[in-house]
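Enquirer: One structure coming up, written as structure tokens, with questions to follow.
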């Protein structure tokens, strides 16, 4: 844990280095000191179809969901969400909508297998 899931409207990749943004978000999570670096997992998905507000509105967006195991307090979540938003603003100041959502996964129900080579 955590999982960083970045979703973005497809045209964003024409103006933003999506791979570098994802890498910087990943480094921000590691640099926060909240996580074991080996547990941080990040991925990005382009949305080829999306609607915002009125049907003819095709505003570009980047949305990041940060999934955490339950147990972190509000201040930790606030600091993480704002640190992520700062990174997003640096990489994508011209993108119309930037957002971050910090979510808890109940650690009682989270299961994982990690294979060692």
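Enquirer: How far, in degrees from 0 to 90, does helix 18-31 lean away from the longest principal axis of the Cα atoms of the chain, to the nearest 10?
Expert: Around 30 degrees separate the two axes.
Enquirer: Kindly give Rg over Rh for region 3-105, based on alpha-carbon atoms, with the Kirkwood expression for the hydrodynamic radius. Write down the numbers at each step before the final one.
Expert: On the way: Rg = 13.8 Å, Rh = 14.1 Å.
With Rh from the inverse mean 1/r over Cα pairs, Rg/Rh is 0.98.
Enquirer: Quick one: of the DSSP bridges fully inside the chain, what percent are antiparallel, nearest 5? If you can, show how the numbers build up before the last one.
Expert: Details: 6 of 22 bridges.
Of those bridges, close to 25 percent are antiparallel.
Enquirer: Could you tell me how many degrees, from 0 to 90 and to the nearest 10, lie between the Cα long axis of helix 74-91 and the main elongation axis, the longest principal axis, of the Cα atoms of the chain?
Expert: Result, in degrees: 40.
Enquirer: Oh, and also: When the helices in the chain are scored as -39500 (n - 2.57) per DSSP H run of 4 or longer and the sum is shared across all residues, what 222 nm value do you end up with, to the nearest 500 deg cm²/dmol? Could you put the intermediate results ahead of the total?
Expert: On the way: 2 runs with 32 residues, N = 117.
Result for the chain: -9000 deg cm²/dmol, rounded to the nearest 500.
Enquirer: Also: Of 34, 116, 59, 74, how do they rank once you tally other Cβ atoms within 10 Å and put the fewest first?
Expert: 116, 74, 59, 34
Enquirer: Can you give me the Rg/Rh ratio for region 59-115, using Cα atoms for both radii and the Kirkwood formula for Rh?
Expert: Numbers: Rg = 14.1 Å, Rh = 12.9 Å.
Over the Cα atoms of region 59-115, Rg/Rh equals 1.09.
Enquirer: Further question on the same structure: Could you check the simple spin-label distance between residue 101 and residue 75, using points 7 Å along Cα→Cβ, in nm with one decimal?
Expert: Output for this residue pair reads 2.7 nm.
Enquirer: Which one of 73, 24, 39 has the biggest mean-square fluctuation once the chain is modelled by GNM with Cα springs under 10 Å?
Expert: It is 73.
Enquirer: Any chance you could check the Cα centroid distance between region 7-51 and region 73-117 for me, in angstrom?
Expert: 10
Each value in this text was obtained by applying a stated rule to the coordinates, not by laboratory testing. Quantities reported herein were computed from a predicted structural model and do not represent experimental measurements. Note: ideal-geometry Cβ built from the backbone for every residue, glycine included; neighbour counts use all protein chains shown.
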